[in-house]
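Here the structure is laid out as structure tokens; the discussion comes afterwards.
The values are calculated or read from the model by the stated rules, or taken from the named source; none is laboratory data. In this text, all values refer to a predicted model and were calculated from it rather than measured experimentally. Note that we place each Cβ from the backbone using ideal geometry, even for glycine, and neighbour counts take in every protein chain shown. Areas reflect the complete protein model, heavy atoms only, side chains present, ligands, DNA and RNA absent. Shrake-Rupley method; radii C 1.70, N 1.55, O 1.52, S 1.80 Å.
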Amino acid sequence: MFSEQSSSATPGLSDNGSAVSDKYGAGPPPLTDTDLLEMYRTMVLSRKLDQRIWQMNRQGRAAIVASAQGHEAAQVGAIRALDPERDRFYIYYRELTTMLALGVTPLELLLGFLAKEGEPLSGARQFPLHGAIDRDRRDIVSFSNVVATQLPQAVGVALADKMRGEKRVTVAYFGDGASSMGETHEAMNFASIHRLPVIFFCENNKYAISVPISQQMNIESIATRASAYGMPGIEVNGFDPVAVYEAVGAAANLALSGQGPTLVEAVVERFLPHTSDDDDTRYRPPEDLEGIRDLDPIPATEKILRASGTLDDALDEEIKSLAQKIVNQATEDAENAPFPEPQDFYEQVYAPGSPGDQS
Amino acid sequence: MTEITFRQALQRGLREALDADPNVFLMGEDIGKYDGAYAVTQGLLEKYGPDRVRDTPISEAAFVGAGVGAAVAGLRPVVELMSMSFSLVASDQIVNMAAKIRYMSGGQLKVPMVLRAPTGGGVQLAATHSQSFENWYASVPGLKVVTPSTPYDALGLLRSSIEDDNPVIFAENALLYATRGDVPDAEYFVPIGVADVKRTGTDITLVGWAHGIVTLMAAAEKLAETGVSAEVVDLRSLRPLDMETVIESVEKTGRALVLDENWRTAGFGAEIAAEIGYRSSDYLDGPVARVSGTDTPSPYSRPLEQLGIPQVAWVIDEIEKTYGI
């Protein structure tokens, strides 16, 4: 088995039909300009929503926020290569763009940040972006705030699918921090033994809260660990949505054709602190923070779309103002929503009607 | 009725569940060709195949976590741990995940998983293999904790546990595997959360569970020789906890002793004693008597190990000390 670095030379996009697909068998179909435009729309919406949520935290309205800024291209690229109605998504807490790309609405997400009634993931019981979406053929599960717990669970879901002969991929999302957990090792080992249809998707933003990657591991690439489990490892530039699309697409094909799990490492940057509760200037040296915004995948994608003639000033303005309008409306609706009823507190500790049920 | 061992009862329960529901499968360390550490899964690999009787690596967090995932995905995994002591390395998946996924998903997901494990001391497995963490798990909302004492209860409760839509910790006291008892030949279920009066009496209520019931039944025999009529209440599950049956008995007899074979401090017996005292003090002739294991790790040496495990004489002495009977 092997590990391969795949990142395009420019901060823009790699060529369709890249080396990744060639190396790992059939890749996903090439992306069209229209596909990329749609991905751009999702990234723009995610960024505007993310900025709004951060702002609401600073105003004391949202208790805690883990921002996805800097991760958008990786997240939108991965979902593009998957099937939201077929596959299963065991995400972690920095997945705002993933949620939007899977069809969760800005209002639903804001209801989560404000912990309001009708919040669909957990009934306002959990951290924002935690809980589950089990509807509209969507299968999203997110209980990752003890990091890496979602990995063995994702493996178990894939085991169930394999036992029942169902063709679907389970994607286990995690960060570089979670890669140090024992459960990550155990899950990868278990998945590879049984050649389970899993993609281990690591968004490496090089910081575990305040601890830099150099103090987390003595290797250059997390993807190289895949060889220890007998599975492919692919490192991609996580600022390049097309490169991520191709890597995840190749991994999905391996999973669906019974060839087992793949570790995909998308290297990104965390533009903001770990969460709204910390100040990254206390632990990130200025030279580390300088310049990372130059790599911002959203203007980079915009540039590619303009160069191909897919995007002009008018369309770009339309996309951005529509995104802002959606975020503004969702903010208003979320703020007007009531808090949960006290009775909710007691419900769903046990199955309704089961001894021990207090509802 | 047929007389079988506790071990055979568990094995029959697993067979019946595997036959009844294609979603049921077993997973754990050495449960295949090795037959399981206590031979509970003997012969099941041959009958049901490696898909439904799955050997795992020594990787508790992975296979308990995978059990959680498979349960969420609609299967009914029965996961075997080689020792309840080893559940600690998977306790994040048990306490933070399995117990709370229903609640944390607002009721969208459920975890119908059974976690079976041998538990307790007395078989010379020393400090790290002789612990009873079902006592700890009993304080976790979202879990059910089942603690059978007889083959009849083991079989019936195992069937109920596998059909339950909540995660169940199924504690099998290792001293019980070879004990014998009658079970019906037809399929049956014992409901979780219903205590059982194992012996009726009028002078004192002896409350316990799992292997503690063996000790209490022997103590009741002994007490009968001196004219004391003891009632033995078997909790059968620590969560949900059937205090009503306990209270009803205590208010009838006016005396109570709680036997907890595990560590005394903050042990589950303390919860039972406190609840009896709180609810029934007007009916009691004295304080609630307590017998428990000692607050020590379990040593390997047999004579030393036995010093920490409650004996019949401890129960008799404690009753005499507390109530003068």
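Observations on the structure shown:
- One chain, two ends: B:GLN306 and B:MET1. Fully extended at 0.36 nm per residue, the span grows by 106.3 nm beyond their Cα-Cα distance.
- As a length-normalised measure over Cα pairs under 8 Å and 6 or more apart, the relative contact order of chain A settles at 26 percent.
- Between chain A and chain B, the total buried accessible area stands at approximately 3300 Å², from heavy atoms with a 1.4 Å probe.
- Looking at the range B:196-323, the DSSP beta bridges with both ends there are about 20 percent antiparallel.
- In the full protein context, chain A carries 39 Å² of accessible surface per residue, based on a 1.4 Å probe and ignoring ligands, DNA and RNA.
- For chain A: rounded, prolate or oblate by the Cα gyration tensor [a/c cutoff 1.5]: rounded
- Value of relative contact order over chain B, rounded to a whole percent, pairs C-alpha under 8 Å and six or more apart: 16
- Paramagnetic reach from A:ASP277 (point 7 Å along Cα→Cβ, amide N under 16 Å) across the range A:206-235: A:208-211
- Protein heavy-atom surface of chain A, 1.4 angstrom probe: 51% of the accessible area is carbon and sulfur, with nucleic acids and ligands not counted.
- Taken per residue, the accessible surface of the range B:2-183 reaches 29 Å², heavy atoms only and a 1.4 Å probe.
- ³J(HN,Hα) computed for each position of the range B:119-129 - Karplus, 6.51 cos²θ - 1.76 cosθ + 1.60, integer Hz, glycine/proline x: 8, x, x, x, 10, 6, 10, 6, 4, 9, 10
- Computed per residue of chain A from DSSP H runs no shorter than four, each worth -39500 (n - 2.57), the mean residue ellipticity at 222 nm is -12000 deg cm²/dmol.
- Screening chain B for whole DSSP H helices of 24 Å or more along their axis (Cα) with average Kyte-Doolittle hydropathy at least -0.5 returns none.
- In order along the range A:150-163, the Karplus-derived 3J(HN,Hα) couplings, from 6.51 cos²θ - 1.76 cosθ + 1.60 at θ = phi - 60°, round to 6, 6, x, 5, 4, 5, x, 5, 5, 4, 4, 4, 5, 4 Hz, and Gly and Pro are given as x.
- Between B:ASP185 and B:ASP35, the C-beta separation translates, for a Förster distance of 30 Å, into a calculated FRET efficiency of about 0.80.
- Surface listing: B:PHE189, A:PHE113 arranged by accessible area from highest to lowest gives B:PHE189, A:PHE113, probe 1.4 Å.
- Placing R0 at 25 angstrom, the Cβ-Cβ distance between A:ALA26 and A:ARG137 gives a FRET efficiency of 0.50 after rounding to 0.05.
- At 1.567 mPa s and 4 °C, Stokes diffusion of the protein assembly as shown via Kirkwood alpha-carbon radius, µm² per second: 48
- Accessible area per residue for the range B:196-323, computed on protein heavy atoms with a 1.4 Å probe, is 44 Å².
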